[in-house]
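Participant: The structure follows.
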Amino acid sequence: MISTRNIIKNVMTSEGELQILQPISFEVKDGESVAIVGASGSGKSTLLSLLAGLDEVSGGEILLDGEPLHTMDEEARARLRGEKVGFIFQSFMLVQSLTAIENVMLPAEIAGYKDAKARAQDILEQVGLSHRAHHYPNQLSGGEQQRVAIARAFIGQPKILFADEPTGNLDAANSDKIEQLLFQMNKDIGTTLVLVTHDNALAQRCQRQLTMLGGALTETTTASVIAQGA
Ligand SMILES: Nc1ncnc2c1ncn2[C@@H]1O[C@H](COP(=O)(O)OP(=O)(O)OP(=O)(O)O)[C@@H](O)[C@H]1O
Ligand SMILES: [Mg+2]
């Protein structure tokens, strides 16, 4: 589902070019669940954006479901994201001018689903937010906004779901509910899961655990170092 070869990410800062990611090479199989853990600032969100085609690599190659993200322009990547990818942002990224249900419906409407509204209602119910469907993001708590963002990522039943700390703002009961939904989708429709989390229990529920350290990725499941360099 994902195959990367020596991907790196550099950004320009006032102090010159900064390398955020060391060369990273790894594979994720169709239907796998993978947790990425590591300290704040180690590069987890940066890696997730590259894998999902939200940002461009500075070097190296990424195949997402067989398609070469590193050669595609933003338009082509947007098409691929629309067809195959769900993404739960660490900062939610809800559209502030749309209500909760409108935010959830948006990807389904873009994809042309006739039953977008019914689907959105159903998923909002599953994340426990039916009673907040017509609230705008600024009228929702952090955890409620996170659950709207999760519902929006679920609506298209994506082939692959990237989730950046999906339970970071939730209490224990809601975290359990969201975890169940994530793994149910993984089991029922074979959605590949790539999660960034600081929650050790959630990381352990995934089949594999990878650790980011200073922009380098290692597989902690087998304690083997994943290619850092050539
Ligand atoms: N556009 C940018 N310009 C400069 N530095 C950046 C940029 N994007 C990310 N960084 C830096 O790269 C590093 C990795 O950032 P990233 O957001 O990927 O970390 P993270 O592992 O997701 O951290 P957290 O657990 O706090 O979310 C950080 O030190 C960050 O300051
Ligand atoms: Mg992050």
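Participant: Collect the residues in the stretch 49-61 that are touching a residue at least 60 places away in the same chain (Cβ under 8 Å) and in contact with a Lys or Arg (Cβ under 8 Å, 6 or more places away or on another chain), keeping them in residue-number order.
Facilitator: Going residue by residue through the stretch 49-61, those that are touching a residue at least 60 places away in the same chain (Cβ under 8 Å) are 51-52.
Within the stretch 49-61, Ala52 is the sole residue that qualifies.
Participant: Now, a different point. Mind checking which residues of the stretch 111-145 are part of a loop (DSSP other than H, G, I, E, B), among the hydroxyl-bearing types (Ser, Thr, Tyr) and surrounded by 12 or more Cβ atoms within 10 Å (Cβ to Cβ)? Reasoning before the result, please.
Facilitator: If we filter the stretch 111-145 for residues that are part of a loop (DSSP other than H, G, I, E, B), which is where we start, we get 111-115, 127-129, 133-136, 140-141.
This time we only want the ones that are among the hydroxyl-bearing types (Ser, Thr, Tyr), so: 113, 136, 141.
The answer is Tyr113, Tyr136.
So that you can scan it fast, the table gives a plain yes or no per residue for (1) touching a residue at least 60 places away in the same chain (Cβ under 8 Å); (2) within 16 Å of ligand 2 (Cβ to nearest atom):
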site	(1), (2)
Ile2	yes, no
Met12	no, no
Glu15	no, no
Ile20	yes, yes
Ile24	yes, yes
Leu47	yes, yes
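Participant: Looking at the stretch 184-209, which of the residues that are farther than 20 Å from Lys44 by Cβ and either in contact with a Cys (Cβ under 6 Å, 6 or more places away or on another chain) or of a type in the set (A, V, I, L, M, F, W, C) (or both) is surrounded by the most Cβ atoms within 10 Å (Cβ to Cβ)?
Facilitator: Top of the filtered list is Met185.
Participant: Check off (1) out of contact with any strand residue (DSSP E or B) (no Cβ under 9 Å at 6 or more places or on another chain); (2) crowded, with 16+ Cβ neighbours inside 10 Å; (3) part of a helix (DSSP H, G or I) for Leu94 and give me the number that stays unchecked.
Facilitator: With respect to (1) out of contact with any strand residue (DSSP E or B) (no Cβ under 9 Å at 6 or more places or on another chain); (2) crowded, with 16+ Cβ neighbours inside 10 Å; (3) part of a helix (DSSP H, G or I), Leu94 is out only on (3).
Participant: So which residues in the stretch 157-169 are assigned to a loop (DSSP other than H, G, I, E, B) and more than 16 Å from ligand 1 (Cβ to nearest atom)? Write out each step before concluding.
Facilitator: So the first thing to find is which residues in the stretch 157-169 are assigned to a loop (DSSP other than H, G, I, E, B), and the list is 157-159, 165-169.
Of everything in the stretch 157-169, those that are assigned to a loop (DSSP other than H, G, I, E, B) and more than 16 Å from ligand 1 (Cβ to nearest atom) turn out to be Gln157, Pro158, Lys159.
Participant: Just checking, does the stretch 175-192 include any residue being within 16 Å of ligand 2 (Cβ to nearest atom), under 14 Å from Val34 (Cβ atoms) and at pLDDT 95 or above?
Facilitator: Here is the first cut: in the stretch 175-192, the residues within 16 Å of ligand 2 (Cβ to nearest atom) are none.
No: the stretch 175-192 contains no residue that is within 16 Å of ligand 2 (Cβ to nearest atom), under 14 Å from Val34 (Cβ atoms) and at pLDDT 95 or above.
Residue-wise test of (1) farther than 23 Å from Gly142 by Cα; (2) touching a helix residue (DSSP H, G or I) at 6+ places or on another chain (Cβ under 7 Å); (3) within 13 Å of ligand 2 (Cβ to nearest atom); (4) of a type in the set (Asp, Glu).
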| residue | (1), (2), (3), (4) |
| --- | --- |
| Lys9 | yes, yes, no, no |
| Glu61 | yes, yes, no, yes |
| Ala78 | yes, no, no, no |
| Met105 | no, yes, no, no |
| Ala111 | yes, yes, no, no |
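Participant: Here are the criteria: (1) free of Cβ contacts under 8 Å to residues at least 12 places away in the same chain; (2) within 16 Å of ligand 2 (Cβ to nearest atom). Tell me which single one Ala39 does not satisfy.
Facilitator: It is condition (1) that Ala39 fails.
Participant: If you don't mind, another one. From the list Arg152, Arg147, pick out the single residue that is among the charged types (D, E, K, R), without any contact (Cβ under 8 Å) to a residue 40 or more places away in the chain and under 22 Å from Lys84 (Cα atoms).
Facilitator: Details: Arg152 fails: without any contact (Cβ under 8 Å) to a residue 40 or more places away in the chain.
Every option except Arg147 fails the conditions.
One line per residue, one yes/no per condition, for (1) over 12 Å from Leu217 (Cβ atoms); (2) out of contact with any Gly (no Cβ under 9 Å at 6 or more places or on another chain); (3) within 9 Å of ligand 1 (Cβ to nearest atom):
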{"site": "Ile7", "(1), (2), (3)": "no, no, no"}
{"site": "Met12", "(1), (2), (3)": "yes, yes, yes"}
{"site": "Leu21", "(1), (2), (3)": "no, no, yes"}
{"site": "Ser25", "(1), (2), (3)": "no, no, no"}
{"site": "Asp30", "(1), (2), (3)": "yes, no, no"}
{"site": "Ala39", "(1), (2), (3)": "yes, no, yes"}
{"site": "Lys44", "(1), (2), (3)": "no, no, yes"}
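Participant: Find all pairs meeting these conditions: Cβ atoms under 7 angstrom apart; at least six residues apart or on different chains; first residue within the stretch 155-167 and at positive phi; second residue assigned to a loop (DSSP other than H, G, I, E, B) and within 14 Å of ligand 2 (Cβ to nearest atom).
Facilitator: Every condition considered, the pairs that remain are Glu165/Gln90; Glu165/Thr197; Glu165/His198.
The values are calculated or read from the model by the stated rules, or taken from the named source; none is laboratory data. Values in this document were obtained by computation on a predicted structure and should not be read as measured data. Every residue, glycine as well, gets a Cβ built from its backbone with ideal geometry; the counts of neighbours run over all protein chains shown.
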